[in-house]
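What follows is one structure encoded as C-alpha cells, with my remarks underneath.
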Amino acid sequence: MTVSTSSLNRTTVTLQQLVESSKKHSLQQALTAMMAEFAQSPLAQTVSTHTRYNQQDSIEAIPFHQFCLDSRQLKTNDVFVLLKSQALQSQTRHSQKSRDYLIQAANSAVFILSEIDPIALLTTDDVNASSLADDSKSVVQQLSALPCPVLYVPHIRGFLGDLIQARLQYQQPVTLPAVVAVTGTNGKTTISQLVAQLAQLMGMSSAVMGTAGNGKLGALVQASHTTGDALAVQQFLYQMGQENAELLALEASSHGLDQQRLQGMPVSVAIYTNLSRDHLDYHADMAEYAAAKAKLFDKTHFSELTHAIINLDDEHAQIMLDMAHASALTVWTYSLNPSSNATFVAASINPSLQGVEIAVRYNVSDNTGDTHTDSHQDKANTITVISPLLGRFNVANLLAAIAATMALGSDIDQDIKRIAAVVPQLQGAVGRMQRVPSNEGCFIVDYAHTPDALQQVLASLKTHCDGQLWAVFGCGGDRDAGKRPLMAQAGLAGADQVILTADNPRTEDPNMILQDMQAGMSAEQYQRTHIEPARQKAIEYAVQQAAAADIVVIAGKGHETYQEINHVRYDFDDSVVLQNALKQAGRA
C-alpha cells in the first residue's frame with residue numbers, strides 16, 4: 001500500500017518550506033501554531049544543543065527527507081512521528097514501549113514529532129531512565145542528551161495527513177483523485193467496489209482501498225487493515241494520483257475515523273450503511289461506536305465534503321443525518337421501504353438466483369440539497385435496474401452506490417440513465433455473496449461475521465430457497481466474546497440447518513469459542529446444529545449433506561485467504577476449500 005521511497009528521490013525539505021508551499025490554510029495555521037507553542041516550551045533549548053544542525057535556532061529550518069510512523073522503518077534524516085498506542089494495555093507497558101520507540105528513533109531521526117509529552121514519558125516512575133542519563137540530570141537535560149531534538153505536538157493527528165501529503169506534493173505535485181468514503185458495520189466493501197465499478201463504467205479511472213485490497217480496479221493488492229495508518233493512506237492516495245486515478249472509493253473503519261487516520265483525505269462524498277454490534281472490544285459501547293462513524297460527516301474533519309448518502313432504514317441514521325446537516329452538506333438518503341420518503345427508494349424488488357430486478361424511485365432535482373420530503377413526491381421518477389447481485393441487502397448497497405455515483409456527476413437525468421444501463425455489468429466483491437459454481441445446489445461464500453450481517457444474508461437467501469438453507473460459521477478468537485451466542489442465535493433464526501465451526505481462533509481454543517456460541521441454545525436448536533471445530537471438515541460435511549434444492553452459505557471469512565491460529569496464518573480460502581469439496585462430492 002505504501003509508495004516506494006526510491007520513487008521520491010529522498011529530496012530534503014523543511015517544515016518552513018512546507019508551510020510556504022502548502023495550499024491548505026488550515027495546515028499553515030497548524031504548523032505556525034505548532035512552532036509558536038514550541039518556541040515557548042522548555043524543549044526549545046534542545047534544538048540549539050545539537051551542533052550537527054549548525055546552531056540553527058528553530059526546528060522548522062532543519063532539512064529532512066520523509067515522515068515515518070514506524071521506528072523499524074526509519075531511515076537517516078527522516079522525521080519520526082511518535083503516536084500514542086491504541087492497544088488495550090496497561091499504562092506502564094504503554095509508557096515503556098513508547099519510550100523505547102523514542103530512544104530507538106532518536107538514533108536515526110533528524111527530529112521527532114511526539115503526540116506524547118516527552119517530559120511526562122521520561123519521568124514515569126516505573127520506567128528505568130538509566131540508559132538516558134544520570135538521575136541527577138533534569139528531564140530537559142535528558143532530552144538534550146538524545147541524538148536529535150524532540151517536539152511535543154499533542155494534536156498532531158488533526159493535521160498529520162495534510163502534513164504528509166504536503167511533503168509528497170512538495171517534491172512532485174500530482175492531481176489527487178476525488179474520494180468517496182463508506183462507513184458502517186456492513187456493506188463497506190461491496191459499496192466501495194460498486195462505486196468504483198460504476199464510476200469506471202461511466203468513464204472515470206477508478207481505484208479502491210479497503211478490506212478486499214488496495215489499488216486500481218483489476219489490480220488490487222491485499223491489505224492488512226481496512227484503513228491503514230495516516231502515512232500509508234496518504235502515500236496510497238498520492239500513488240493513485242501518480243497513476244492518474246480520477247476516483248478513489250475507500251472504506252472508512254470506525255478505528256480509522258476514531259484515530260484520525262483519514263485526516264487530510266479529500267473526501268467529497270460520504271456514505272453511511274448501518275450500525276450493528278461489532279468492535280466493542282475497542283469502543284466502550286454502541287454510542288461511542290456510532291460517534292466514531294459520525295465523524296465522517298463532520299466537515300471540520302473533512303473540509304471538501306459536499307454530499308452525504310445515508311441509509312434511512314437504519315436506527316442510527318439520525319446521528320449521521322444530524323452531523324451532515326450541521327455541516328451543511330447535500331444530504332441524500334436511501335431506503336428499501338417502498339413507502340419511504342428517501343431520496344432513492346427500491347419501490348419494488350423481484351429476486352431470482354440470477355439477481356434482482358429493481359424499480360428505483362429517485363427524487364433528486366439537482367445537486368444543491370435533499371428533496372426527499374412529502375412535498376416533492378410528485379417530482380419523483382422511477383427507473384428499472386437489473387442487478388446481477390444476490391440478496392436484498394445488496395439492493396440497499398446498490399442504491400447507495402448509485403447515489404454516490406450521481407453525486408459525482410452533473411446531470412441527474414442523464415447520469416441515472418447511463419448508470420442503469422451499466423448496472424448489469426457489475427460484479428460483487430470477492431467473498432461477498434459470492435456464488436461458487438456447482439452442478440446442483442447453491443453454494444455461497446460471504447464475509448458476514450456479525451449477528452446482523454449473518455441475519456441479513458440468511459434472510460436474503462431464504463427468498464431464493466426452495467429447499468433447506470444451511471449456514472456454516474464460527475466466531476473469531478481474541479475478540480468480543482459477547483457476540484458469540486448472538487451469532488449462533490442469528491444463524492439458527494435464519495437457517496434451517498446450522499454448522500458451527502472455527503473462524504480465526506487466533507490464540508483461543510476453538511472448542512471454547514464454540515462452547516460460548518452454544519450458550520442459551522434450546523433442545524430444538526441443538527437438533528438443527530452440527531458442531532465441527534475443523535473448518536474444512538465442516539464445509540465438506542455441508543456439501544455432503546445438502547440436497548439439490550438446498551442453499552449453503554459459508555460465512556465469516558469471505559475474501560480472507562488464511563486462518564489464523566496461535567499467531568500463524570495458514571493458507572485457507574473458503575471458496576477454494578468449497579470448490580475442492582464440491583469436486584470430491586461430484587457436485588462441480
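What ranking of 97, 293, 483, 84 comes out by heavy-atom accessible area, probe 1.4 Å, highest first? Could the numbers behind the result be given before it?
Details: 97 80, 293 5, 483 25, 84 100 Å².
Greatest to least solvent exposure: 84, 97, 483, 293.
On a full-extension model of 0.36 nm per residue, what is the gain between residue 285 and residue 414, subtracting their alpha-carbon distance, rounded to one decimal in nm? If you can, show how the numbers build up before the last one.
Working: separation 129, 0.36 × 129 = 46.44 nm, distance 4.39 nm.
Extra length from residue 285 to residue 414 when fully extended: 42.0 nm.
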Practice task
Please give the FRET efficiency for residue 41 paired with residue 73, using the beta carbon to beta carbon distance and R0 = 30 Å, rounded to the nearest 0.05.
Solution key: 0.60
Exercise for the section: Compare the Cα positions of 35, 269, 238 along the charge dipole of the chain (+1 at Cβ of Lys, Arg; -1 at Cβ of Asp, Glu; about the Cα centre) and return the one farthest towards the positive end. Expected result: 238
Problem - Entries of 188/583; 216/299; 299/557; 24/417 with Cα pairs more than 29 Å apart - result: 188/583; 299/557; 24/417
Exercise for the section: Leaving ligands, DNA and RNA out of it, rank 243, 60 by accessible area with a 1.4 Å probe, largest first. Expected result: 243, 60
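Can you compute the FRET efficiency between residue 562 and residue 138 using 1/(1 + (r/R0)^6), with r the Cβ-Cβ distance and R0 = 51 Å? Round to the nearest 0.05.
On the way: r = 50 Å, r/R0 = 0.98.
The pair residue 562/residue 138 has a calculated efficiency of 0.55.
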Exercise for the section: Report, in degrees rounded to the nearest 10, the 0 to 90 angle that the Cα long axis of helix 25-39 makes with the longest principal axis of the chain. Expected result: 40 degrees
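Is the shape of the range 466-588 rounded, prolate or oblate, going by the alpha carbon gyration tensor and its root eigenvalues a ≥ b ≥ c, with a/c under 1.5 for rounded and a/b larger than b/c for prolate?
Since a/c reaches 1.5 but b/c is at least a/b, the shape of the range 466-588 is classed as oblate.
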Practice task
For residue 384, tell me the accessible area in Å² from a 1.4 Å probe, rounded to the nearest 10.
Solution key: 80 Å²
Exercise for the section: Measure off, as a whole percent, the carbon and sulfur share of the 1.4 Å-probe accessible area of the chain, all protein chains present. Expected result: 47 percent
Handout entry: Accessible area in the full protein assembly, largest first, 1.4 Å probe, for 435, 484
Key = 435, 484
Problem - Partner lysines for residue 97 [C-alpha distance under 25 Å; skip if fewer than 8 residues away on the same chain] - result: 75, 84, 137
Completion exercise
Taking a straight Cα-to-Cα line shorter than 18 Å from residue 462, and setting aside same-chain aspartates and glutamates fewer than 8 residues away, one finds 357, 440, 446, 452, 496, 550
Exercise for the section: Mind grabbing the accessible area of residue 38 for me, 1.4 Å probe, Å², rounded to tens? Expected result: 20 Å²
Problem - Nearest 10 degrees, 0 to 90: helix 412-422 Cα axis against the chain principal axis - result: 70 degrees
Exercise for the section: Determine the shape class of the range 173-276: with a ≥ b ≥ c the square roots of the Cα gyration tensor eigenvalues, call it rounded for a/c under 1.5, and otherwise prolate if a/b is greater than b/c, oblate otherwise. Expected result: oblate
Exercise for the section: Keeping all protein chains in place, calculate the accessible area per residue for the chain (probe 1.4 angstrom), answer in Å². Expected result: 40 Å²
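If the viscosity is 1.002 mPa s and the temperature 20 °C, what Stokes-Einstein diffusion coefficient in µm²/s follows for the range 282-346 when Rh is the Kirkwood radius over Cα pairs?
On the way: Rh = 12.4 Å.
Translational D for this selection: 172 µm²/s.
Quickly estimate the mean residue ellipticity at 222 nm for the chain, helices only: each DSSP H run with n ≥ 4 gives -39500 (n - 2.57), and the total goes over all residues, rounded to 500. Provide the component values of the computation, followed by the final result.
Numbers: 20 runs with 203 residues, N = 588.
Taken over the chain, the calculation gives -10000 deg cm²/dmol.
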Exercise for the section: Normalising by the residue count of the chain, find the relative contact order in percent from Cα pairs under 8 Å and 6+ residues apart. Expected result: 9 percent
Practice task
Within 10 Å, count the other beta carbons around each residue, average over each peptide in 453-462, 532-541, and list them highest first.
Solution key: 453-462, 532-541
Practice task
Give the long-range amide H neighbours of residue 179: residues separated by 5 or more places, or on another chain, with amide H under 5 Å away, using H modelled in the peptide plane at 1.01 Å from N.
Solution key: 248, 268, 269
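The values are calculated or read from the model by the stated rules, or taken from the named source; none is laboratory data. Please read these numbers as outputs of a predicted model, since none were measured by experiment. Glycine also receives a Cβ, built like all others from the backbone with ideal geometry; neighbour counts cover every protein chain displayed. Keep in mind that these areas ignore ligands, DNA and RNA; they rest on the heavy atoms of the full protein, side chains included. Shrake-Rupley method; radii C 1.70, N 1.55, O 1.52, S 1.80 Å.
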